[in-house]
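The structure appears right after this line, and notes come after that.
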Amino acid sequence: MQKVKVGIIGTGMAFERLHYPAFSQLTEQYAIVALCDIEKQKAMQWAHKLNIGEANVYTDYVEMIKKADLDIVDIMVPIELNYEVTEKVASQWDSQRKGIICEKPLAPTLNQAIHARVLAKKHSIPIMIAENYRYNHETDIIRDLVRTKKIGDVNYFVLNTVSNFPGDMPGDKFPAREWRQYPKYPGGVITDSALHDIGGLQYIFGGVEKLHAFGQPLNEPFSPYAVVNVNLSFESGVTGQFSFFCTGQEMQRPLIGLRIFGSLGMIYLEERSAGVINIAYNDGRSEQIKYEVEQGFYNELLNFYNAFTGLEEISVTPEMEFGDLRVIMCILDSIKEQKVITIDGSIPLQYLGGISAIHHETVFSRGNLV
């Protein structure tokens, strides 16, 4: 079995809690051989743990991709740097047998995403966007249940996502990072987190065709809205309602979660960590389907390995992630413009400016990037 040599760009919380545990389960497929972080001491701590010599620890990722013997890089940097770093690596590795994994979203703004989505073809290099909700076991199961009409024809769905971003800011969780508290990209936590939900919904139901959104304004730098409520209409004919509440808690159990209503019954997933998908039929029958929780990170790395070695296609490409980010940006536009947004194949003129241009949504100054 070919072992793929990996260089890590960014050894922070995403590497520690999300990607490294998955790499640890795939030691026959991957070998981490080089590390890069703007804080060398942080990278050195991982080097000691992974038995990587100091010669393969870098503070400049361009130097790493030039000097280290690598097959791929895994990019885990603040969102505002996703396109910049990915574009630089792709251009340096143009047409070489190399590969790139980049955390979601593929770019901080839609006009940068327009350029990001063609990088793989432009430079003849495989690129995967690490959108774990599209790789999660429960999402796969629910998609199959919908497509095989386990509950008949789908009438509508409700998805309610609640998190307490301000409550998590002082702790040892992702909101504690200053670049998330003072984001340099439109939408803040909506772009960072609600993007997962949109990716999962589009994986299950297909592409969004139209949406109409409302938001409760929030006078905080981490998000322009405390709550967004979105009516979604999909090309498949499915309609539904998505709510994202980033400043609260859902205290009543069971949680609202994801509920899909069909002509023969309903599918219910209380939360991603539940481990069970419930199906309730109109005739009184019910069943439960168990699944492994948090398998998205493992599945995405396995998919990329199989794609890199020629066994299958990449499941989440930049083109696909562009579609998810575009829905998020249309949600923000719908709230601001107070209208229904139709999502088609065209790109609005305001997004076709220079690559550094940013759309009209509020953008806050960059904080510490570590």
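The values are calculated or read from the model by the stated rules, or taken from the named source; none is laboratory data. Note that this is a predicted model, so its numbers are computed, not measured. Cβ coordinates were reconstructed from backbone atoms using ideal geometry, including for glycine residues, and neighbour counts include every protein chain displayed.
A few notes on this one:
- The listed residues are 284, 265, 310, and the only one of them that is of a type in the set (Gly, Ala, Ser) and in contact with a Ser or Thr (Cβ under 9 Å, 6 or more places away or on another chain) turns out to be 265.
- Looking across region 262-275, the residues that are farther than 7 Å from residue 151 by Cα and surrounded by 14 or more Cβ atoms within 10 Å (Cβ to Cβ) come down to 267, 268, 269, 270, 271, 272, 274, 275.
- The set of residues in region 125-138 being more than 12 Å from the chain's Cα centre (by Cα) and under 15 Å from residue 86 (Cβ atoms) consists of 125, 126, 127.
- Figure legend. Inter-residue proximity from region 81-94: first residues touching a residue at least 12 places away in the same chain (Cβ under 8 Å) and part of a helix (DSSP H, G or I), second residues surrounded by fewer than 16 Cβ atoms within 10 Å (Cβ to Cβ) and of a type in the set (Phe, Trp, Tyr), beta-carbon distance below 7 Å, spacing 6+ or different chains. No pairs are indicated.
- Looking across region 216-231, the residues that are within 12 Å of residue 243 (Cα to Cα) and of a type in the set (A, V, I, L, M, F, W, C) come down to 226, 227, 228, 230.
- Qualifying residue in region 120-141 (condition: hydroxyl-bearing (Ser, Thr, Tyr), touching a helix residue (DSSP H, G or I) at 6+ places or on another chain (Cβ under 7 Å) and assigned to a helix (DSSP H, G or I)): yes
- Qualifying residue in region 212-235 (condition: out of contact with any Asp or Glu (no Cβ under 6 Å at 6 or more places or on another chain), under 11 Å from residue 154 (Cβ atoms) and surrounded by fewer than 18 Cβ atoms within 10 Å (Cβ to Cβ)): no
- Helices (runs of 4 or more DSSP H) completely within region 165-259 that count 1 or more residues being under 18 Å from the mean Cα position of the chain (by Cα), charged (D, E, K, R) and modelled with pLDDT of 95 or more: 178-181, 195-205
- Subset of region 311-341 (residues that are charged (D, E, K, R) and touching a residue at least 60 places away in the same chain (Cβ under 8 Å)): 319, 321, 324, 326, 339
- Scanning region 17-49 for residues that are exposed (fewer than 14 other Cβ atoms within 10 Å of the Cβ) and in a helix (DSSP H, G or I) yields 17, 21, 24, 41, 48, 49.
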